[in-house]
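The values are calculated or read from the model by the stated rules, or taken from the named source; none is laboratory data. All figures in this text were calculated on a predicted structure; none of them were measured in a lab. Here the Cβ positions follow ideal geometry from the backbone for every residue, glycine too, while neighbour counts run over all protein chains shown. Accessible surface areas use protein heavy atoms only, side chains included; no ligands, DNA or RNA. Shrake-Rupley method; radii C 1.70, N 1.55, O 1.52, S 1.80 Å.
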Amino acid sequence: MYGLIDGNNFYASCERIFRPDLRDKPVIVLSNNDGCAIARSAEAKALGIKMGAPAFQIEDIIKKYNVAVFSANFVLYGDISNRIVNISRRYCRDIEVYSVDESFLDFHGYEYLNLKDHCNDLRNTVFNGLDIPCSIGLAPTKTLAKVANKIVKKHSNELGHTYVIDSQNKIEKALKWLPLEDVWGIGRRYADRFSRIGVKKAWDFTQLPEAYLQKEMGIYGLRMHKELRGIPQYELSEHKPKKGIGTSRTFDKRTDNLEVLKERVSTFAFKCSEKLRKQNSCCNFITIFITTDRFKLDLKQYSNSITIALPNPSSSAIELSAMALKGLEKIYLPFFQYKKAGVMLTEFVPDTERMTSLFDEDFHEKHKPIMTVIDRMNKRLGADKIKLGSMDVQKTWKMNQKNLSPRRTTDINQLLRVKAL
């Protein structure tokens, strides 16, 4: 059996740990620069606040119902996530950390235990130790474990906090309940396509012929088909280096100034190169994108991106920044108010297995000594102490985080103080 442990409304629950006065009160967490709602407590969901709702569109609801609003505190959330994983390892030796709030548990070899009781014990240990409510789904496959988790979250009043799918009857009942678009990995594009032929529930999907699914979705569709029928296709994944690294930000103020955009794009390329070097990889392609504010329909809209192939695989911040600026100049158009930009690196190779061109200069090797020095100094002195000349050396860009909570567990200066009487 596979299990999936999932922190309920995770970011909002993390904020409540140190604010018990907010228990049973509506809470939302906003994205970078306080742009959109990315986490909502059950009470906030009941008020009709949708995931991804722009903050300016829900201002009236926030004021009317006194909704507690927090800026995203990812450092705190990451630390709480690690603590949940550490507790989970006491109950299961094989764990795949799937995301900050979800982990798969491989319970093969635990048949001698009552797994539902075992997982309830795990859930209670997390809740009593960290004050984070969790739900756990158990099933023969990872995809069905996700389904079981959705069921127990939706019907926690009747089912408690752990649900087990362990029979064909339960599989059929669960799949007839679950909308196809909510199946792990199906995506909106496939859901819309199958909906047009009347396939709206996960059960309908399992009734499709395998030959048809192979034609429509390839091997990926066949595996999903089997997983939903209880035939395991996926084991726990080992930690692997990232296949794509990106940095993007929504600006606190819209801008049409090319020089401002250049500084931002150069900074994003620098940040991406740091992550790339950290995993000892080089990239072959760099993508740059810019976009206006899609929520301001009274303004002219424009979005564009460009992907550039590097002459040689590289992790040099100097080279990647230069390429990013070159790409930006090709897609930039004046007279538009830009709200967001970003840089994405793809097609990685290990930095010890680079195939280089005979005809192009190898900037990666040329810049490698200075990149090593920059990384060491920034690690020792603090982030962004050493920058490129194309970045704003006088200014440290900070996100708009008006409602940022203290880091509590990750900064000794921000620990919770308790007065002893």
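Of the strands (runs of 3 or more DSSP E) lying entirely inside region 99-194, those containing at least 2 residues that are open to solvent by less than 30 Å² (accessible area, probe 1.4 Å) and either within 28 Å of Ile219 (Cβ to Cβ) or at pLDDT below 90 (or both) are 102-106, 134-139. Looking across region 98-123, just one residue is touching a His at 6+ places or on another chain (Cβ under 8 Å) and free of Cβ contacts under 8 Å to residues at least 60 places away in the same chain, and that is Asn120. Restricting attention to region 21-37, the residues that are open to solvent by 50 Å² or more (accessible area, probe 1.4 Å) and in contact with a Lys or Arg (Cβ under 7 Å, 6 or more places away or on another chain) total 1.
Among all positions in region 38-50, there is no residue which is in contact with a Ser or Thr (Cβ under 7 Å, 6 or more places away or on another chain) and crowded, with 20+ Cβ neighbours inside 10 Å. Every condition in (1) of a type outside the set (Lys, Arg); (2) closer than 20 Å to His367 by Cβ; (3) in a loop (DSSP other than H, G, I, E, B) is met by Ile286 except one, and the failing one is (3). Output the qualifying pairs, or none if there are none: Cβ atoms under 8 angstrom, residues six or more apart or on different chains, first residue in region 28-43 and without any contact (Cβ under 8 Å) to a residue 60 or more places away in the chain and outside any loop (DSSP other than H, G, I, E, B), second residue crowded, with 20+ Cβ neighbours inside 10 Å and among the aromatic types (Phe, Trp, Tyr). Cβ pairs passing all conditions: Ile28/Phe70; Val29/Tyr11; Val29/Phe70; Ile38/Tyr11; Ala39/Phe10; Ala39/Tyr11. When Asn312 is tested against (1) over 28 Å from the mean Cα position of the chain (by Cα); (2) within 15 Å of Thr287 (Cβ to Cβ); (3) assigned to a strand (DSSP E or B), exactly one condition is not met: (2).
Looking only at region 74-94, filter to residues that are in a loop (DSSP other than H, G, I, E, B) and surrounded by fewer than 18 Cβ atoms within 10 Å (Cβ to Cβ); which one of those is nearest to the chain's Cα centre (by Cα)? Going through the qualifying residues, I end up with Asp94. Taking each residue of region 348-363 that is part of a loop (DSSP other than H, G, I, E, B) and looking for partners that are among the hydrophobic types (A, V, I, L, M, F, W, C) with beta-carbon atoms closer than 8 Å, six or more apart or interchain, yields Asp351/Cys282; Arg354/Cys282; Met355/Val349.
Do we have any residue at all in region 315-334 that's assigned to a strand (DSSP E or B) and either open to solvent by 50 Å² or more (accessible area, probe 1.4 Å) or at positive phi (or both)? The answer is no; no qualifying residue exists.
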